[in-house]
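Undergrad: Below is one structure. I have some questions about it.
Derivation of every value follows stated rules applied to the coordinates shown; laboratory data play no part. Only a predicted model underlies this, so the values are computations on that prediction, with no experimental measurement involved. No Cβ is skipped: glycine too gets one built from the backbone with ideal geometry, and neighbour counts run over all protein chains shown.
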Amino acid sequence: MDLNGGFSPYQAPILYVAGKLTLSSLNIGRAKLAVLPGGEVKIGTLKIQPSAADGAALYVFADGKLSVGKPNVSGKCIVNNGTLTVDGSLDMNNGLTVYNTATGVLTVTDEMKVSNSARIYNDGAVTVDDLKINSDGEFHNCENALLVVNDECELERSTAIYQRGRASIEEMTARGTIWVNCHTSVNELEAQGAEFNFSANAGLDAGRVEFNNTNVSMARGAIFTMEEYNADEKGGGNRFAFTGDADPRAVVLISEKAYTRKGHETYFSGAIEVVYDNDRDKDYTIRKDYLTDGAVMSASQTTIITENGCNGGKDPVNPDPEPEPDEYANVPGHTYTYCFEDNWPWLGDYDMNDVVIVSRIDRMTSKDGGKVSALTINWELRAAGTTYDIAGAVQMDKVQTSDVAGVVSSHEGFGSGAFASRGLDADSPCAVIPFFNRTEELLSASNTWKGQPAAAIRKHTTTVTFSQPVDIASVLDSEMNFFIAPKQRTSEIHMPGYAPTASGIIGKGSFLPSDPYKFFVTEGDQTKNNYMMWALMIPGEFRYPAEANDIRGVYEHFMAWASSNGAEHAEWYLESADAGRIY
């Protein structure tokens, strides 16, 4: 298949895949490939031309899957929000940029090569067998990200690794620049003419280290632990220097062997404590006259460095070369789309686009998976096909308000309306977390009318910290009661089976009192409206109907799913639909 594009009026057409597609080969010119949520694409040989269209030549949505056998990619960029697997080698060159986002999982079963000014930005998880960076290539391992190199990592001159997340590397040969901003683990580390830059409170743990003509810059509280340093008696011309404020000192800890003699010099200068027992073996010592400008040496560590995730959870006084992981770690959640109809208890136009919220909840989870200390709700308002003032929020049905220590939201334009503030709602016994008071705070247009300009969508986070860790069963996605409040707080609209908050009022209408948010007609000839609901929770990113298009006529199997109580066509949202009536 060829995706060439470049013909008028569609200079960069896009192939969207929501189902399954298998290709022996794919050549991308000026067109693009997008793997939608639930889509699965397998490609034998993939080639992306340097003349590819601006933006992403490949875009994998969250919950989408792309598998490639032999990729040859250059220029432009690739965005992975889902699962991208390369069954072989990935050669990135000619300025290619790859974005592996917080939900992205990128796996390369052989070698990943980053060269010719290529860049990779990892916010999620990247696992490769071998990683080679050369010719001005860069690897950015961002905060909360994970990089795993099973075999070798080679870093040539004029290249860089920005290590802000976590990294585990079996072997590294470095000639470029390594920025150690967070916890890095390397079993065997060799450096020739390299530059290591440690930020404050960052840590690098290594086994065997061999340095030659290499400079190491360390800020306060940084720690570099290793078992052996230049034990093969070859390297020299190395310098460890302290930069910044000296509180606390940086620490270089060598647990077994070190060799720094004339002709094989390693100098330590500034506020650095070198922890090494010179009396252990007379053949392996560190010359004390190589410690200058305030650097000190001790047989056991005296500098107190408070443990944190970026130094590997070191003990405050005597760091362990094999640190235990943090007690709690961030576990990314799954993406869901919440769609609302704002006319409860009446049916309305039933286009289910009056409020559309996309959310993913990440949890700080204990090692045994049983407790959660905090969670972050990543959310964005996609559409607001309404004429009402509508507020949006979530109630944690199994968490009390008193269990919440604090709420911090990135949405600063929170106006007046149903909720007093963007913080925790103090009037509810169960924890209620507001997102917005009016949709106009976030969208300048409805994003529901086809052919009309769309409003920009802004991503936000709301972080909830608990006073004591709560059971994970109480903060599962199924216990998150997303709702809206049109016009006033009392007129709340929830998903079927979910109760209103203490401030919501269950009105009277043609619905079951036991489930007020499910439309049910017991009299008259209106049985066509049976089984309806005013809110939906849909896995992944949902293609919602355009304005005034009843969802029952847009998605062919919606009614079969609703009337069977979910037993039939459970994935109706991925099945047959009238594309012309979808926004």
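Undergrad: Arrange the peptides 374-381, 404-411 so that the one whose residues have, on average, the most other Cβ atoms within 10 Å appears first.
TA: Peptide ranking by packing, descending: 374-381, 404-411.
Undergrad: Could I ask something else about it? Mind listing which trypsin sites (Lys or Arg not before Pro) in region 17-121 are in a DSSP loop and have 15 or fewer other Cβ atoms within 10 Å?
TA: Answer in residue order: no site qualifies.
Undergrad: Let me ask you something else. Could you calculate the FRET efficiency of Glu327 with Thr401 from 1/(1 + (r/R0)^6), where r is the beta carbon distance between them and R0 is 30 Å, rounded to 0.05?
TA: It comes out at approximately 0.75.
Undergrad: Residues with beta-carbon under 13 Å from that of Asn27, excluding Asn27: net charge, scoring Lys, Arg +1 and Asp, Glu -1?
TA: Residues close to Asn27 contribute a combined charge of +3.
Undergrad: Can you list, bin by bin at 20 Å, the percent of alpha carbon pairs in the chain, starting at 0?
TA: Once binned at 20 Å, the Cα pair distances of the chain give 18, 42, 30, 9, 1.
Undergrad: Need the full-extension length gain, Asp2 to Asp368, defined as separation in residues times 0.36 nm minus the C-alpha distance. One decimal, nm.
TA: Using 0.36 nm per residue and subtracting the Cα-Cα distance, I get 126.9 nm.
Undergrad: Follow-up. Note the full-extension length gain between Ala299 and Ile582 as 0.36 nm times their separation in residues minus their Cα-Cα distance, in nm to one decimal.
TA: Full extension from Ala299 to Ile582 adds 94.9 nm.
Undergrad: In percent, how large is the relative contact order of region 36-311, given Cα pairs closer than 8 Å and 6 or more residues apart?
TA: The normalised contact order for region 36-311 reaches 9 percent.
Undergrad: Then there's this: In straight Cα distance, which lysines are under 28 Å from Lys257, not counting same-chain residues fewer than 8 positions off?
TA: Leaving aside lysines fewer than 8 places away in the same chain, those within reach of Lys257 are Lys234, Lys282, Lys288, Lys314.
Undergrad: Right, next: What distance in nm separates the simple spin-label points at Glu143 and Asn308, each placed 7 Å from Cα in the Cβ direction?
TA: Simple spin-label model gives 1.1 nm for this pair.
Undergrad: With a point put 7 Å past each Cα toward its Cβ, work out how far Ala567 is from Ser269 in nm, to one decimal.
TA: A separation of 8.0 nm, rounded to one decimal place.
Undergrad: Follow-up question, since we're still on this one. Whole Å is fine, so just give me how far the alpha carbon centre of region 417-477 lies from that of region 74-125.
TA: 32
Undergrad: In region 364-424, which trypsin sites (Lys or Arg not before Pro) are in a loop and have at most 16 other Cβ atoms within 10 Å, using DSSP for the loop call?
TA: Lys367
Undergrad: Based on the Cβ-Cβ distance from Arg280 to Asn213, what FRET efficiency comes out when R0 is 22 Å, to the nearest 0.05?
TA: Step by step, r from the Cβ atoms, then E = 0.25.
Undergrad: A further question on this structure: Return a whole-number percent for the relative contact order of the chain, with Cα pairs under 8 Å and 6 or more residues apart as the contact set.
TA: Answer for the chain is 7 percent.
Undergrad: For each cysteine in the chain, check whether another cysteine's C-beta sits under 4.7 Å from its C-beta; list those where none does.
TA: When partners are defined as cysteine Cβ atoms under 4.7 Å apart, the chain leaves Cys77, Cys142, Cys153, Cys339, Cys430 without one.
Undergrad: DSSP loop GluC sites (Glu not before Pro) in region 140-225 with at most 14 other Cβ atoms within 10 Å of their Cβ, which ones?
TA: When the GluC sites (Glu not before Pro) of region 140-225 are filtered for loop state and at most 14 Cβ neighbours within 10 Å, Glu143 remain.
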